[in-house]
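Before any comments, here is the structure.
The values are calculated or read from the model by the stated rules, or taken from the named source; none is laboratory data. These numbers were taken from a predicted model, which means no experiment stands behind them. All Cβ positions, glycine included, derive from the backbone under ideal geometry; neighbour counts span all protein chains shown. Quick note on the areas: whole protein, heavy atoms, side chains included, nothing else; ligands and nucleic acids left out. Shrake-Rupley method; radii C 1.70, N 1.55, O 1.52, S 1.80 Å.
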2 protein chains.
Amino acid sequence: LKPIIWDNNQNKLTVLDQSLLPFEKVFVELRTPEEVADAIRLMKVRGAPAIGITASYGMVLSVLKASSIDDALKLLHNAKQVMDKARPTAVNLSWATSHMLNRAKQYVESGEAKNVKELVELLKKDANKVFDDEMEAEIQMGLYGLEKLNSGDTVLTQCNAGGLATGTGLGTALAPVKIAHLLGMNVSVIAPETRPWLQGSRLTVYELMEEGIPVTLITDTAVGLVMFKKMVSSVMVGADRILSDGHVYNKIGTFKEAVIAHEMGIPFYVLAPVSTFDLKSSVNDVKIEERDPNEVRTVRGVPIAPENVKVFNPVFDVTPPKYITAIITEKGVIYPPFDKNVRKIVER
Amino acid sequence: LKPIIWDNNQNKLTVLDQSLLPFEKVFVELRTPEEVADAIRLMKVRGAPAIGITASYGMVLSVLKASSIDDALKLLHNAKQVMDKARPTAVNLSWATSHMLNRAKQYVESGEAKNVKELVELLKKDANKVFDDEMEAEIQMGLYGLEKLNSGDTVLTQCNAGGLATGTGLGTALAPVKIAHLLGMNVSVIAPETRPWLQGSRLTVYELMEEGIPVTLITDTAVGLVMFKKMVSSVMVGADRILSDGHVYNKIGTFKEAVIAHEMGIPFYVLAPVSTFDLKSSVNDVKIEERDPNEVRTVRGVPIAPENVKVFNPVFDVTPPKYITAIITEKGVIYPPFDKNVRKIVER
């Protein structure tokens, strides 16, 4: 499972079009920051870490044809602007573009990059490092998460926080299950379909079936019953943004799982790299992205509601710290009280 | 909105095929108990009270061609058996068929029905009374529920517990909103789409739009966020079965709304006629119906998941009494403690 492929010799970025899965397996080449932004907006690339990695390569793509170092910096500024707008909620996106832009400025100021060619080579190394760091972080999160799993466990997840979402093939929320499976433990997953975009039925289920991990698909409405019936040992989800007090922004539907898990006494874990943390914003600052009403009025182009019905289509929700058992990062596991402990781990 | 039409002169039962709404408005004639059972199984007729009414007429249909009184009773026994199997969870179904069978036995034993023709006429009156009682009960529930509404309120519902579900055009959970709207109060509804069968997006939204009541469609995943954001004044849902201790069986997804409403301090009301109560069973006795996995793997025939994925497709869930603010019946409003108060009202 390799959803993001960077050809380091030909400077070529190819991504698996996730909007067509599981029905078609199509790879598309992205040549410019504009094409990267479009791919993110159209959810060909999705999942916070995968967006971050792709945007890092998008920054590299922006300077390939620069006429001078000054021109390169201008193009990088512009590329950041273009790509940041594609998905406002995902913090990894602006983190990645800022990181790449800052690195470029340092290279120019310090004289490490004396021409465009040198700058391109240095930025390529940085983008590759974003990918490698993500992979390393996921392995680390997977190992921390593994401590929360026992053989025979069934994990409820939400959306797709697997290797498709992160671009590495491993994943965040699914990393513990995948590592457990590799180690021969008997673990399985319950995947809610995750309307409107059906990341659960289209991606999580596909990804786990490809790897031979037992998975059961349910509707989003059945999330309560599977916990009520004790069919779930723990909940493991990813995150798009985590605040310093432990508020977690993730795919719409996460909040309900957290509240029900809390009521049923089932542990609720959030798995995310420290790049997901936004230590500056408070819960009132973060705007929740709303998408096209037609995502709710239709499924795969087929109408399922009166065409003129009014729709509210938020794609993220926010889970207060009260409902979270622990946040698992690559730097360690954060337990409540989050307002004290988040900074201790993230700023470590 | 007239989803069940009984022609009392021609003994003809016609129902609106709800499986085709909101795209096509097709009425189908049901001629035999077998056709009624099929219509219930295929969800052309759905919603607990509508199923009860239709099954009552199905009992009438079963004796139209009886050769003798004895034959009629045999046919009624058989019709009950055939129809009861169509939806195991809906208590209204077996309630209606038992009621009609018992009435028939009484008419025969008492000599009121001396021949098939007399029996048919008496049973027609009984079936019409099932319909009229339902309508009267809904008006009563609507008036009790109206006391829980203020102008400006937004009610979150689940599935379709409107006039399509009950067969009368009014409904249970939607009755208070409809009466409030008639009285000129400013009320609106948020309808979750209710996968897998999409009663929310297909039926509730259609029904309310037809009547000019403001309605907003959301995905099932957004149920938590709308309550978190205080966009909801109260939750009003129907029920398929209510136990004597207040456990409520209703459309899959109801439980999650109840838990979240409880956590957010939003009142959660169940509206159902007393025929919905099952005072004999306990929560361990009731089997929750599971339906075809392809309902989850596809939407309107379009695949949305790998075709061989394992699926768990329960269509009801159970909400413990702890999460219920009140149960609104036509005989009065039942408040906690339900294990004491249910019988007081239901057996009144």
Shielding of B:292-305 by partners, i.e. mean partner chain Cβ atoms within 10 Å per residue? 5
Among A:251/A:310; A:12/A:125; B:65/B:117, which pairs are too far apart, with a Cα-Cα distance over 18 Å? A:251/A:310
In Å², nearest 10: area of residue A:2 left accessible to a 1.4 Å probe: 130 Å²
Considering only Cα-Cα distances, which of the following residue pairs are longer than 32 Å: B:256/B:280; A:129/A:229; A:344/B:256; A:2/A:80? A:129/A:229; A:344/B:256
Provide a whole-number value for the mean count of partner chain Cβ atoms within 10 Å of the Cβ atoms in peptide B:203-216. 2
Residue among B:241, B:300, B:41 with the largest mean-square fluctuation in a Gaussian network model of chain B, springs linking Cα atoms under 10 Å: B:300
Need the list of aspartates and glutamates near residue B:124 for cross-linking: C-alpha distance under 19 angstrom, and skip anything on the same chain fewer than eight residues off. B:7, B:29, B:34, B:35, B:70, B:71, B:109, B:112, B:132, B:133, B:134, B:136
If you add up the charges near residue B:31, with Lys and Arg at +1 and Asp and Glu at -1, over every other residue whose beta carbon is less than 13 angstrom from its beta carbon, what do you get? -3
For segment B:147-346, what relative contact order do you get, as a whole percent, if you take Cα pairs closer than 8 Å and at least 6 residues apart? 20 percent
What is the Cα convex hull volume of segment A:4-138 when expressed per residue in Å³? 99 Å³
Taking every other residue with Cβ under 14 Å from the Cβ of residue B:146 and scoring Lys and Arg +1, Asp and Glu -1, one gets -2
at residue B:64 the sorted inter-copy label distances (label 7 Å from Cα on Cβ side), in nanometres, are 7.3
Can you list the HN-Hα couplings for segment B:217-228, worked out from phi with the Karplus curve (6.51, -1.76, 1.60; θ = phi - 60°), rounded to whole Hz and with x for Gly and Pro? 8, 10, 6, 5, 5, 8, 4, x, 4, 5, 7, 4
Taking H as built 1.01 Å from N, whose amide H comes closer than 5 Å to the amide H of residue A:189, not counting residues under 5 places away? A:155, A:215, A:216
For peptide B:259-267, what's the mean number of Cβ atoms from other chains within 10 Å of each residue's Cβ? 3
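For every helix of n ≥ 4 consecutive DSSP H residues, a contribution of -39,500 (n - 2.57) applies; sum these over chain B, divide by its total residues, and give [θ] at 222 nm rounded to the nearest 500 deg cm²/dmol.
Helix-only estimate at 222 nm: -12500 deg cm²/dmol.
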Let me know the charge dipole size of segment A:10-77 about its Cα centre in debye, to the nearest 20, where only the beta-carbon of Lys, Arg (+1) and Asp, Glu (-1) is charged. 120 debye
Please check: in the Gaussian network model of chain B (C-alpha springs, under 10 Å), which one of B:265, B:301, B:184 has the largest mean-square fluctuation. B:301
Treating the beta-carbon of each Lys and Arg as +1 and of each Asp and Glu as -1, no other charges, what is the dipole magnitude of the protein assembly as shown about its Cα centre, to the nearest 20 debye? 300 debye
With the convex hull built on the alpha-carbon atoms of the protein assembly as shown, volume per residue in Å³ sits at 154 Å³
Kirkwood Rh and Cα-based Rg: tell me the resulting Rg over Rh for segment A:54-212, rounded to two decimals. 1.10
Along Cα→Cβ at 7 Å, what distances in nm separate the residue A:136 label point from those on the other copies, shortest first? 7.8
What is the Cα centroid distance between segment B:1-72 and segment B:269-344, reported in whole angstrom? 24 Å
Taking a ≥ b ≥ c as the square roots of the Cα gyration tensor eigenvalues, with a/c under 1.5 meaning rounded and otherwise prolate when a/b beats b/c, else oblate, which class fits segment A:85-144? oblate
Report, in debye and to the nearest 20, how large the dipole of chain A comes out about its Cα centre when Lys and Arg carry +1 and Asp and Glu carry -1 on their Cβ. 260 debye
Would you please classify the overall shape of segment B:148-204 from the alpha carbon gyration tensor, given that a ≥ b ≥ c denote the square roots of the eigenvalues, rounded means a/c under 1.5, and beyond that prolate means a/b larger than b/c while oblate covers the rest? oblate
Under 16 Å Cα to Cα from residue A:322, which aspartates and glutamates show up? Leave out anything in the same chain fewer than 8 places away. A:245, A:257, A:263, A:339, B:263
Given axes a ≥ b ≥ c from the Cα gyration tensor, I'd like to know whether segment A:143-346 is rounded (a/c under 1.5), prolate (a/b larger than b/c) or oblate. oblate
List the distances, in nm to one decimal, from the label point of residue A:14 to the label points of the same position in every other copy, shortest first, placing each label point 7 Å from Cα along the Cα-to-Cβ direction. 6.1
For chain B: accessible area per residue (Å², 1.4 Å): 37 Å²
Any idea what diffusion coefficient segment B:223-288 gets from Stokes-Einstein, in µm²/s, Kirkwood Rh on alpha carbon pairs, 10 °C, 1.306 mPa s? 125 µm²/s
Charge dipole of the protein assembly as shown built from unit charges on the beta carbon (Lys, Arg +1; Asp, Glu -1), centred at mean Cα; most positive-end Cα among A:272, A:303, B:68 is A:272
Tilt relative to chain B, helix B:69-84 - C-alpha long axis, 0 to 90 degrees, to 10: 20 degrees
Ranked by GNM mean-square fluctuation in chain A (Cα springs under 10 Å), the top entry among A:329, A:319, A:216 is A:216
